[in-house]
Amino acid sequence: QESMPQTPLFAAMFDSSSYNRNLYQSKEDNCGGLYYHDNNLLSGSLEALIQHLVPNVDYYPDRTYIFTFLLSSRLFMHPYELMAKVCHLCIEQQRLTEPGLDKNWNQKIAPKILQLLTEWTETFPYDFRDERMMRNLKELAQRIASGDEMYRKNVQQLLQNLIRKLTTVSQYEEVLAKIDATSTDRLTVLKTKPQSIQRDIITVCNDPYALAQQLTQIELERLNYIGPEEFVQAFVQKDPLDNDKSCYGDQKKTRNLEAYVEWFNRLSYLVATEICMPVKKKHRARVIEYFIDVARECFNIGNFNSLMAIISGMNMSPVSRLKKTWAKVKTAKFDILEHQMDPSSNFYNYRTALRGAAQRSLTAHSNREKIVIPFFSLLIKDIYFLNEGCANRLPNGHVNFEKFWELAKQVSEFMTWKQVECPFERDRKILQYLLTVPVFSDDALYLASYESESPENHIEKDRWKMLRFVSEI
């Protein structure tokens, strides 16, 4: 057990110095089918990479390798196929052990295989929503447990932790489904009730700081449920060496990434709805100023996703066309925020702010200072372009491991951020409002906007006529 590597934090796992220093050099330099340069593993055949994942008497794979390979291997094969191969290699090793040395196998290899399974189940638990994965896991665990009482306890612990995680994600998905149903039900109520009965955000929470904190609650909870593999699955394509069948046809076990993107859209539309709904100009101006303060506090917290959703809600046409309303708003603070999130030069200002928040997070003494919630659509876009920019395989058929190392580096940073516990107390009333209050569709926003400030040109007038006609039907 002494030779087991300590599992470092994600942040420490991918610093480049450790990559150059000790990347997978526990095995001989030119091991069959793996290609190194300056001690860095650049590529290898799929079979050799799988072998490299499986511990033996003298070797345990570096943790960065385990994470990188488990993350990227799904582009070439189903996780359950990988698990089957790992099981096969472990059993093969045990079989090849000289007779009577079974005990030796158990003492030297069993803890290492157990560690590998622990890392897999902790980092990629959603892989095990597949019954075939679970079957293989239990079979291998059984083999380890049969050798020693201590291992039996560890195996039970591993399975219990995994089942707890899978139960939690199922419950979370049920809650999301309920929230969706509630907000849809309430939308029909909104259509039948006059506007004056509707509550607004300021009545529910008149403190912009409190609202920013509750938005951060929602962000961190939703981030926490996104599995690292969801980034890779988002752009799985056909593997040319896999008879042209896509690796993920039936394998998508979660949609937490999509649910998170939907939350961003909902927040943008909620902001636009709250601004367009009040009949009086001064009320609308007050709501705009309120959201500017919320956005500023989100920036201070490190919650860039809510910040961007609020800005995009305020920039929607039905809101931005309300010139008389905006004339009553002190916009200096808003201009600063827009400058921070300006998309020019590939979001240079935002990326600088994000680096600052990430730096603060590394040296933080409190959970409050650890919060980094990236602008999520941009993170996905970066990963997408990294994937598009390099081939998965090299011309000789080798897996392009250098590419997957870069991919894993980006995803591992996200993994660190999503593990932060929210330091703010939950406010059920505010959360309930944010998650379930009905929001206007595009048409409803335009209609409310035109009724607040009349159309200015022919295009707007025609649109207003059409929207009124449709709403009366």
Legend entry - For Thr216: the one exception among (1) modelled with pLDDT of 90 or more; (2) in contact with a Ser or Thr (Cβ under 8 Å, 6 or more places away or on another chain); (3) not assigned by the TED database to the domain that holds Ala309: (3)
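Results for (1) over 26 Å from Arg222 (Cβ atoms); (2) more than 17 Å from the chain's Cα centre (by Cα); (3) free of Cβ contacts under 8 Å to residues at least 12 places away in the same chain, shown as yes or no for each residue.
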{"site": "Asn367", "(1), (2), (3)": "no, yes, no"}
{"site": "Ile373", "(1), (2), (3)": "no, no, no"}
{"site": "Gly389", "(1), (2), (3)": "yes, yes, yes"}
{"site": "His398", "(1), (2), (3)": "yes, yes, no"}
Inset, instruction - Could you please find all residues in region 114-156 being within 28 Å of Tyr225 (Cα to Cα), open to solvent by 90 Å² or more (accessible area, probe 1.4 Å) and not basic (Lys, Arg)? - result: Glu122, Glu131, Glu139, Gln156
Inset, instruction - Could you list all residues from region 434-459 that are surrounded by fewer than 16 Cβ atoms within 10 Å (Cβ to Cβ), more than 26 Å from Asn206 (Cα to Cα) and either among the polar types (S, T, N, Q) or in contact with a Leu (Cβ under 8 Å, 6 or more places away or on another chain) (or both)? - result: Asp443, Ser454, Asn457
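This table checks each residue for (1) at pLDDT 95 or above; (2) of a type in the set (Ser, Thr, Tyr); (3) under 22 Å from Pro438 (Cα atoms).
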{"residue": "Asn256", "(1), (2), (3)": "no, no, yes"}
{"residue": "Ala259", "(1), (2), (3)": "no, no, yes"}
{"residue": "Ser268", "(1), (2), (3)": "yes, yes, yes"}
{"residue": "Ile292", "(1), (2), (3)": "yes, no, yes"}
Inset, instruction - Within region 208-229, count every residue that is part of a helix (DSSP H, G or I) and within 29 Å of Phe69 (Cβ to Cβ). - result: 5
Inset, instruction - Answer yes or no: is there a residue in region 260-274 that is open to solvent by 20 Å² or more (accessible area, probe 1.4 Å), among the aliphatic types (A, V, I, L, M) and closer than 30 Å to Val169 by Cα. - result: yes
Legend entry - All helices (runs of 4 or more DSSP H) inside region 291-408 with 1 or more residues being open to solvent by less than 40 Å² (accessible area, probe 1.4 Å), in contact with a His (Cβ under 6 Å, 6 or more places away or on another chain) and of a type in the set (Phe, Trp, Tyr): none
Inset, instruction - Filter region 436-471 down to the residues that are at pLDDT 90 or above and among the basic types (Lys, Arg), then identify the one that is farthest from Ala181 (Cα to Cα). - result: Lys461
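The values are calculated or read from the model by the stated rules, or taken from the named source; none is laboratory data. On a predicted model such as this, the values are computed, not experimentally measured, just so you know. Note that each Cβ is placed from the backbone with ideal geometry, even for glycine, and that neighbours are counted across all protein chains shown. Only protein heavy atoms, including side chains, enter the accessible area calculation; ligands, DNA and RNA are left aside. Shrake-Rupley method; radii C 1.70, N 1.55, O 1.52, S 1.80 Å.
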